[in-house]
Amino acid sequence: MAPYMRLRQICLVAPQLVPVISDIAEIMGLAVCYRDGNVAKYGLENALLPVDTILLEVVAPFKDGTTAGRFIEKTGGRGGYMAIFCCNDPDERGRNANALGVRTANVIDHAPYHGVQLHPRDCRAAFIEFNHTEGSDDILGPYPPAGPDWQKFIRKDVTQALVAVEMQSPDPQGLAEHWGKIIGIAADGSELKLPNATFRFAKGVSEIMSALEFRVTDVAQVLHAAKARGVAVAGNEFLLGGVTFRLAG
């Protein structure tokens, strides 16, 4: 079987879910498909919104001592939390990462879903997770973390797709190559091109997931909606949930 690797989910972290989730939904024309009670054991609450077939998740800690809470303290709330990829064999990708000196942080086994999360310090910039859902090679098939009927919540009249993720580093080329080795896709200059999204690596002071780029129907309309929610807009972008939302027509 040919290697299968797609961006499945982007996870942002916020001090509280409110108003971040409602801001994203209102501004971007998206709908919450699921809130996962399973994350409560980690001291978190969450909500997921499908952007076409990629899930955008926001998690927020509701008690002290969580990994997400420490992430907010360490970064000052700037930067995306996790990039989640679906693939044929998460365990194989995990073993490959371990051989590169990237530790496994957590293994999630909720049949038919199996996920391997890697240590963010070793990944650099953000957590990486690989997962696979048995019998769900169809990108519109079952995906338990997004709930039983996430597909019904896809809205495409305002936001059509999440097309790119921007990562920043003092050494963008080095970070691109490092992530490429972990994911199993050779870096093309300072880019990693997946079938459904591109990771771009740019010069920055610290290593963070800095921006998400969306293709929208009407850039001006979305910027107007952001201003109406009291979100500061600069050019074609604004800050929400710790990352820059960048719009393209």
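For this structure, a couple of remarks:
- Within segment 117-138, if we keep just the residues that are in contact with a Pro (Cβ under 9 Å, 6 or more places away or on another chain) and more than 23 Å from GLY80 (Cα to Cα), the residue that is most open to solvent (accessible area, probe 1.4 Å) turns out to be GLU134.
- Residues of segment 187-219 classified as open to solvent by 70 Å² or more (accessible area, probe 1.4 Å), in a strand (DSSP E or B) and either within 17 Å of LYS156 (Cα to Cα) or in contact (Cβ under 8 Å) with a residue 60 or more places away in the chain (or both), total: 1
- Among the residues of segment 37-83, the ones that are within 13 Å of ALA14 (Cβ to Cβ), open to solvent by 20 Å² or more (accessible area, probe 1.4 Å), touching a residue at least 24 places away in the same chain (Cβ under 8 Å) and part of a loop (DSSP other than H, G, I, E, B) come to 2 in all.
- PRO142 being farther than 26 Å from GLU237 by Cα, out of contact with any helix residue (DSSP H, G or I) (no Cβ under 7 Å at 6 or more places or on another chain) and surrounded by fewer than 18 Cβ atoms within 10 Å (Cβ to Cβ): yes
- Just one of the listed residues (LEU17, LEU30, LEU12) is part of a loop (DSSP other than H, G, I, E, B), touching a helix residue (DSSP H, G or I) at 6+ places or on another chain (Cβ under 9 Å) and open to solvent by less than 20 Å² (accessible area, probe 1.4 Å), namely LEU30.
- Any chance VAL222 is modelled with pLDDT of 95 or more, surrounded by 15 or more Cβ atoms within 10 Å (Cβ to Cβ) and in a helix (DSSP H, G or I): yes
- Of the residues making up segment 156-167, at least one is touching a helix residue (DSSP H, G or I) at 6+ places or on another chain (Cβ under 9 Å) and open to solvent by less than 10 Å² (accessible area, probe 1.4 Å).
The values are calculated or read from the model by the stated rules, or taken from the named source; none is laboratory data. Not measured: the values here are computed from a predicted model. Backbone-built Cβ (ideal geometry, glycine too); neighbour counts: all protein chains shown. With ligands, DNA and RNA removed, areas are computed over all heavy atoms of the protein, side chains included. Shrake-Rupley method; radii C 1.70, N 1.55, O 1.52, S 1.80 Å.
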